[in-house]
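Q: Take this structure, written in structure tokens, and hold onto it; I'll ask about it next.
The values are calculated or read from the model by the stated rules, or taken from the named source; none is laboratory data. Everything quoted here is computed from the prediction, not taken from an experiment. All Cβ positions, even for glycine, are placed from backbone atoms using ideal geometry, and neighbour counts span all protein chains on display.
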């Protein structure tokens, strides 16, 4: 009976250690993604607002100067942006898998999402909510320049 108790306790301790390690690594990773929760008041105030409008089956990006692009969002690295995400028609989901961001785009509602991307590159933008028969066509790109 004593060996069974030792095995039980060692299993519990092992599980606690594994979950703690996973929690620490997850926290480090999530803190490395600089979202609004980790931004200072100054960074939030200096954020450049961009409207993100989902529609069947495209993404529309409206910049502060009035420029509008479809399916391509261009941001500068290390700059804070405020994405104002909404939808014209049905529920969509603004999803950037490489950055781990996913936000619902709901008609009549605006999600404010602060983003800072530190690494220049090209990232995929997908709709992660089935929005109709052309759902598979709803993809875009995030281009982060230096």
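Q: Could you pull out the residue among 79, 98 that is free of Cβ contacts under 8 Å to residues at least 40 places away in the same chain, under 16 Å from residue 120 (Cβ atoms), in contact with a strand residue (DSSP E or B) (Cβ under 6 Å, 6 or more places away or on another chain) and not in a strand (DSSP E or B)?
A: The unique qualifying residue is 98.
Q: Let me ask something additional. Out of (1) over 24 Å from residue 43 (Cα atoms); (2) touching a residue at least 40 places away in the same chain (Cβ under 8 Å); (3) within 16 Å of the chain's Cα centre (by Cα), what's the single condition that is false for residue 126?
A: (2) is the only condition that residue 126 fails.
Q: Only one of these conditions is not met by residue 85: (1) at pLDDT below 95; (2) within 16 Å of residue 48 (Cα to Cα); (3) surrounded by 18 or more Cβ atoms within 10 Å (Cβ to Cβ). Which number is it?
A: (1)
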